[in-house]
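K.L.:
Please find one structure pasted underneath; my questions will follow.
The numbers here are math on the coordinates, done by the rules we state, and not lab data. Since the model is a prediction, treat every value here as computed from it, not as a measurement. Reconstructed Cβ throughout: ideal geometry from the backbone, glycine too, with neighbour counts over all protein chains shown.
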Amino acid sequence: MIGVLAAAGYWATRSVEAPDIQLWPDDTATVARGAVIYAANCAACHGANLEGQPNWIERDAEGYLPAPPHDKDGHTWHHTDKLLFKLTKEGVASIVGSDYKTRMPAYDGVLSDEEIIAVLSFIKSRWPQEIRKRNDNINKSAQGG
C-alpha cells in the first residue's frame, strides 16, 4: 500500500494539468516505464532503437511519410516538449489540419498523459547531451525564457 501511495504521489508531482509539459529524461523510473510503453506502442513504426523507417523524408506511393526517427538524426528534438505531447496525444491533425496524410495515430484514450510523458522522457533520455541542451533551449525560448 505504501508503494502505491508513493507512486501516486510521484506521478502527481509531475502533473500535466499545468500549462507546460515537463519531461523527466534523467529520472530512472520514468525512463524505464517509458521504454516499456515505447516498445509496446511506438517501436513497430519508429524502430526499437528510435531509428525510424527507411527514407522517412520521402512520401511513399500513397502520399504518406514513413515514421521518422526519434534519435539525434530525426527532427523530434527540434520541437518543444509541449508540442511533442500534443502531437502524441491528439495526433498530427490537431496541429496541421486533417488534410495532412499520416499514419501516426492519436494516443488519447490509448495512453494516459503520464504514459505519454514517460515515453517522451525515454526518447529524450536517448539523445546525446548536446542535442538535449539544444532541445532544452528550444523549450526555454518557447516559454519566453
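K.L.:
Between 0 and 90 degrees, rounded to the nearest ten: what's the tilt of helix 28-41 against the longest Cα principal axis of the chain?
P.N.:
40
K.L.:
Kindly identify region 72-135 as rounded, prolate or oblate by the Cα gyration tensor criterion: order the square roots of the eigenvalues as a ≥ b ≥ c, call it rounded if a/c is under 1.5, otherwise compare a/b with b/c, prolate if a/b is larger, else oblate.
P.N.:
Oblate shape, in that a/c is at least 1.5 and b/c is the bigger or equal ratio.
K.L.:
Between residue 39 and residue 83, what is the spin-label point distance in nm, taking each point 7 Å from the Cα along the Cα→C-beta axis?
P.N.:
For residue 39 paired with residue 83, the spin-label model returns 3.1 nm.
K.L.:
Follow-up. Looking only at GluC sites (Glu not before Pro) in DSSP loops with at most 16 other Cβ atoms within 10 Å, what is the longest site-free stretch of the chain?
P.N.:
63-145
K.L.:
Turning to a different aspect of this structure: Would you look at the GNM of the chain, springs on alpha carbons closer than 10 Å, and say which of 99, 73, 20 moves the most?
P.N.:
99
K.L.:
Can I get the semi-axes of region 19-145's equivalent ellipsoid? Compute them from the C-alpha gyration tensor as square roots of 5 times the eigenvalues, in angstrom, largest first.
P.N.:
22, 17, 16
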